[in-house]
Amino acid sequence: MFKYFPHTPDDIQHMLDVIGKKSLDDLYADVPKDVRIKGDYDIPSAKSEIEIRKFFQKLGEKNQQTICFAGAGAYDHYVPAVIPQITSRSEYLTSYTPYQAEVSQGTLHYIFEYQTMMARLTGMEVSNASMYDGSTATAEAAMMACASVRKSNRVLISETVDPKVVEVVKTYAHFQGIDIEMIPQKNGVTDFGALPDALAKGGVAGVIAQQPNYYGNIEDFSGIADTCHAKKALLIINSVAADLALLKSPGEWGADIAVGEAQSLGIPMAWGGPYLGYMCTTQKHMRKMPGRIVGQTVDQDGRRVFVLTLQAREQHIRREKATSNICSNQGLMTLWVTLYMSLLGKKGLQEVTQRGCDGAHYLHDALVATGHFKDAFPGQEFLNEFCVKYDGDLDALQQLWLENGFFGGIKVSDDTLMLAVTEQRTKDEIDTLVSLIK
């Protein structure tokens, strides 16, 4: 009856006989009857193209469009119009894994450029392309550390790392036999004074910290890499990619692995994804890194060409001992970020980040000047995101902002609010947000 259904009734009955079931309904025997749909599905009749467009337009109008002063890992950056135009081209949109270098030179080229730019941004020697998001990239880094440091299955994580990232790392670790221990925080930054004792217990494969950290505070990693390396542990630094345009890079801090979320490099927030996790490391640990690495060489005529220098072919034979082989993001999202970094360049990326930094400090000072806010972490430096304590009803304040078209930050405790500013926010928007308090 349906040409696109490949299985005939005889095929289905044969499969049921093999597994010892009488009907397809038997496959759902564990689903309570009271949650099963009874009767026909409520599916509307067919619509024309114009009817479909109007239908979804009405649905879209139900969304409340707000001015975003929230961050916590996802940031409202401007997307140059040329990026979706280029990424929508069929030769890019349909590209996936470049198994055949001869016919995948375009894909391999932009992956190579992405790796080059990410390696420079992080101050590392090698970059892959790429991971699903910043959280899974951090979890993969923890597994990579355990694979690199023999007879070690402990990973230390700072309490100032984004809780969402920590939960993902813990999930991965649970199924890999990795023990996760937290390093305490003090006044909104990592208490590295507790690190030597934790390392002294032995068996630590890696130490994970975040820069800037979850609260927006800038951490000081001076001497931390040496402390880790003295006990054979790897230092893993998680960062929002765009922030590295102004901050000291993981490579400069002596990190062994740099990971994080690259959504800040021009990817729309888009209701939660897709995002892009980056991972960079040193040549020493390159072969333990999941994913693929594109390299540059020459063909028989001496022309520059690109090839898959390293790829996890062992994934097919090593099974549970192999590194993860994540490659879907090396298509569309890698291209998106590559275009963004190419369009802005080094100075442009620095300017975008600086504007967010300037705006955040302007907002911070204006809030404190109202007399209703004070620093949640006195004395700490921040880039474009910060935490303040409010002396009133925080829920009521956020609701007031929302009613006036503002998404006013993230509530991190009963009286503490975390706000973020990007180059998208104007002085007038900031002034209006603050005026609503007065």
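The values are calculated or read from the model by the stated rules, or taken from the named source; none is laboratory data. Everything quoted here is computed from the prediction, not taken from an experiment. Reconstructed Cβ throughout: ideal geometry from the backbone, glycine too, with neighbour counts over all protein chains shown. Note: areas computed on protein heavy atoms with side chains; ligands, DNA, RNA excluded. Shrake-Rupley method; radii C 1.70, N 1.55, O 1.52, S 1.80 Å.
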* Using a 1.4 Å probe over the heavy atoms of the protein chains, calculate the carbon and sulfur portion of the accessible area of the chain as a whole percent. => 52
* Give me the distance between the Cα centres of the stretch 291-310 and the stretch 195-225, rounded to whole Å. => 37
* Asked: Ratio of Rg to Rh for the stretch 9-52, alpha carbon only, Kirkwood?
  -> 1.22
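Per residue, how much accessible surface does the stretch 9-52 expose to a 1.4 Å probe? Answer in Å², no decimals.
Numbers: 4370 Å² over 44 residues.
Here the per-residue accessible area is 99 Å².
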* Asked: the stretch 1-106: percent of C-alpha pairs farther apart than 19 Å?
  -> 79
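Find, among the chymotrypsin sites (Phe, Trp or Tyr not before Pro) in the stretch 1-84, those assigned to loop by DSSP (not H, G, I, E, B) with at most 15 other beta-carbon atoms within 10 angstrom.
Phe2, Tyr4, Tyr41, Tyr78
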* Which FRET efficiency value, to the nearest 0.05, do you get for Lys151 and Ala101 by plugging their Cβ-Cβ distance into 1/(1 + (r/R0)^6) with R0 = 35 Å? -> 0.35
* Asked: Spin-label point model (7 Å from Cα, Cβ direction): what's the Thr297 to Arg120 distance in nm?
  -> 2.5
* Given q = 0.13 Å⁻¹, what are the Debye log10 I(q)/I(0) values for the stretch 148-266, with equal point scatterers placed on the Cα positions and solvent ignored? -> -0.47
* To do: Could you tell me the distance between the Cα centroids of the stretch 31-55 and the stretch 366-438, to the nearest Å?
  => 42
* Structure fact -> Among trypsin sites (Lys or Arg not before Pro) in the stretch 1-45, those in a DSSP loop whose Cβ has at most 10 other Cβ atoms within 10 Å are Lys3, Lys22, Arg36, Lys38
* Asked: Principal axis lengths of the stretch 110-154 from Cα atoms, whole Å, largest first?
  -> 37, 21, 14
* Determine, at each q value in 0.06, 0.10 (inverse angstroms), the log₁₀ of I(q)/I(0) that the Debye formula gives when each Cα of the chain is one equal point scatterer. => -0.33, -0.85
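Can you check how the C-alpha radius of gyration of the stretch 59-181 compares to 2.2 N^0.38 Å, as a plain ratio? It would help to have the intermediate numbers written out before the result.
Working: Rg = 19.1 Å, N = 123, 2.2 N^0.38 = 13.7 Å.
Working it through for the stretch 59-181, the quotient is 1.39.
Report, please, the projected area of the stretch 81-339 averaged over directions, based on the convex hull of its C-alpha atoms, in nm². Write out the running numbers ahead of the final one.
On the way: hull surface 58.4 nm².
Seen from a random direction, the Cα hull of the stretch 81-339 projects 14.6 nm² on average.
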* Structure fact -> Result for the stretch 81-339: accessible area per residue, probe 1.4 angstrom, in square angstrom, of 44
* Asked: By Kyte-Doolittle mean hydropathy of at least -0.5 and Cα axial length of at least 27 Å, which whole DSSP H helices of the chain are selected?
  -> 332-369
* **Label-point gap, in nm, between Tyr41 and Gln354 - each point 7 angstrom along Cα→Cβ** => 5.5
